[in-house]
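Note sheet for the following structure.
Taken together, the values in this text are just the output of simple stated rules run on the coordinates, not laboratory data. In this text, all values refer to a predicted model and were calculated from it rather than measured experimentally. Please note: Cβ atoms are built from the backbone with ideal geometry, for glycine as well, and neighbour counts cover all protein chains shown.
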2 protein chains.
Amino acid sequence: MPPRKRTTPAPLAQPFKARAQPVKPAAPRLRDAEQTRADILRAARRAFATAGYARSGMRDIAAAAGITPALVVRYFGSKQGLFVAAIAGELALEPFLAAERGVLGRHIARHLFSKPRPEADILTILLLAAGDEEVRGLATELFTARIVQPLARWLGPPRAEARASLLLALISGAWMFRRALPLRSFAGGPDTVLVAELAAQLQRIVDGE
Amino acid sequence: MPPRKRTTPAPLAQPFKARAQPVKPAAPRLRDAEQTRADILRAARRAFATAGYARSGMRDIAAAAGITPALVVRYFGSKQGLFVAAIAGELALEPFLAAERGVLGRHIARHLFSKPRPEADILTILLLAAGDEEVRGLATELFTARIVQPLARWLGPPRAEARASLLLALISGAWMFRRALPLRSFAGGPDTVLVAELAAQLQRIVDGE
DNA sequence: GCGCCAAGTAAACGTTCGTTTACTGGAGAA
DNA sequence: TTCTCCAGTAAACGAACGTTTACTTGGCGC
């Protein structure tokens, strides 16, 4: 097939780029390093969780935090440093485990389908970071050290690591299509057939069949 | 906490960017539009599947195909057009279904843990595209129209769509940590405890419990 | 009230990006 | 042989990127 002459295909999505607005547009920002640092981290998490690492610009994050990109560099050294700070100590197993073994499946499933908090959604950040060589290593380390290993310890024999890996895969897959790449069939509330089915499968893995 | 003065944190990964080399460096490239088009698509798929959409530059793709970026535009109109062409008609359910219902779980599990082909790995491309607003819509449409709906039809009652969604989630999660964001616990061959466990869980969903 | 340090800004750095424009040259038809 | 497409190239466009430099200014200790 010869190349088409000049038929520019209609763009699938406009390059429209909504410049993030500061939360308080006209307030002259009182000088509070601690607060500013927290604002930057919140804005960064929200950006990384919705647009991924590569597509989240320093200028956008700074604007969303109500400050200047140079200040972000001053606080975190670089974009990579900001990413590290944004996910450091924030991926924990506990929110998923806060339940007895017998109802863990249902607990996790309902957690997945609860209201999202984009500024605290570390799992989405890490999943979206998969394509960025710059930060991919960090994500794999975190998943292994903070999820698979402690979960395997918590589950116990038999086949602890395989069952932990499987739980992670199922949870991440569901999370993916619920949050990062939303599919229609994952769009319902926490009382749907899908959630019940998901809960049952998770519980089966927890129980070791 | 005050910002650190000038402590640039050691970079986690060098900005080293291996400029992709043409497959045949010094060959003066014979003029074959069809072949060139195929070369570009192959290079594009490989790039998108390893670096994601945003991080795959037109120059890198063109260089890997042994041509000039302007030629890529001439053939596909734009980067988005290239992406569309790269995934069009390539995400199919059939490779996963080529088995009888009774052994489908094992079939899929082994397929996931077989040797990867980066130039044909559409599933990875779509998973990595999750963070790119430009192409995210395409990915969701493809997953729904090419995977969930036909799979639900193939599975049949009861709870066809929920089971299809669950299968997609589990497959994608495993694929994620096997291909896109490789974890140590997913690194083994096709004859591991994990693969057996995965096969069993998949089969349970296929069987409807 | 007055320094002074640090919080914060403004503007530019050099690079890379996707894309455009103008050109070159190989090969089939006459 | 010469004409003429069209595959392919070279170079540059403007915009956006992460980051750096130099500057301004608010609030606290004395």
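Rounded to the nearest whole Hz, the Karplus-based 3J(HN,Hα) values (6.51 cos²θ - 1.76 cosθ + 1.60, θ = phi - 60°) of the stretch B:79-85 follow the sequence 5, 4, x, 4, 4, 4, 5, with x at glycine and proline.
Pick out, from A:ALA62, A:ALA130, B:SER172, the residue whose Cα sits farthest towards the positive end of the charge dipole of the protein assembly as shown, with +1 on the Cβ of Lys and Arg and -1 on the Cβ of Asp and Glu. Of A:ALA62, A:ALA130, B:SER172, it is A:ALA62.
Assigning unit charges at the beta carbon (Lys, Arg +1; Asp, Glu -1) and nothing else, what dipole magnitude in debye, to the nearest 20, does the protein assembly as shown show about its Cα centre?
The calculation lands at about 1420 debye.
Across the identical copies, the label point of A:PRO182 (7 Å from Cα in the Cβ direction) is separated from its matches by 3.4 nm, in order from shortest.
Between identical copies, the spacing of A:VAL193 label points, each set 7 Å from Cα toward the C-beta atom, reads 3.6 nm from nearest to farthest.
Across peptide A:178-190, the average count of Cβ atoms from other chains found within 10 Å of a residue's Cβ is 5. Rounded to whole numbers, the Karplus 3J(HN,Hα) couplings from phi for the stretch A:152-168 are 4, 5, 5, 6, x, x, x, 6, 4, 5, 5, 5, 5, 4, 5, 4, 4 Hz, using 6.51 cos²θ - 1.76 cosθ + 1.60 with θ = phi - 60°, and x at Gly and Pro. Across the options B:TYR53, B:VAL193, B:ALA152, the greatest Cα extent toward the positive end of the charge dipole of chain B (unit charges at beta carbon of Lys, Arg, Asp, Glu) belongs to B:TYR53. With neighbours defined as other Cβ atoms within 10 Å of a residue's Cβ, the residues B:SER78, A:SER185, B:SER165 order from fewest to most as B:SER78, A:SER185, B:SER165.
log₁₀ I(q)/I(0) of the stretch A:33-87 at q = 0.31 Å⁻¹, via Debye over equal Cα point scatterers, no solvent, to two decimals? Computed log10 I(q)/I(0) values: -1.51. Of the residues A:ASP207, B:ASP32, the one with the fewest other Cβ atoms within 10 Å heads the list, and the complete ranking is B:ASP32, A:ASP207. Here's how it looks for A:ALA99: its modeled amide H is under 5 Å from none belonging to a residue 5 or more places away or on a different chain.
Quick one: dipole size for chain B, taken about the Cα centre, charges +1 on Lys/Arg Cβ and -1 on Asp/Glu Cβ, in debye to the nearest 20.
940 debye
Sorted largest first, the principal axis extents computed over the alpha-carbon atoms of chain A equal 59, 55, 33 Å. Coordinate range of the alpha-carbon atoms in the stretch A:46-125 per principal axis, descending: 51, 20, 20 Å. The same position A:GLN35 in the other copies lies at 6.7 nm from this copy, comparing label points 7 Å beyond Cα toward the beta-carbon, shortest first. The Cα-based radius of gyration of the stretch A:148-209, divided by its Kirkwood radius, gives an Rg/Rh of 1.04.
In sequence order, the stretch A:94-107 has phi-based couplings of 3, x, 7, 9, 5, 6, 6, 4, x, 10, 4, x, 4, 4 Hz under the Karplus curve 6.51 cos²θ - 1.76 cosθ + 1.60, θ = phi - 60°, and Gly or Pro positions carry x.
Considering all different alpha carbon pairs of the protein assembly as shown, the Kirkwood hydrodynamic radius works out to 22.9 Å.
Computed over the stretch B:120-188, the percent of Cα pairs more than 14 Å apart is 63. Take each residue of peptide B:142-150, count the partner chain Cβ atoms within 10 Å of its Cβ, and average: the result is 2.
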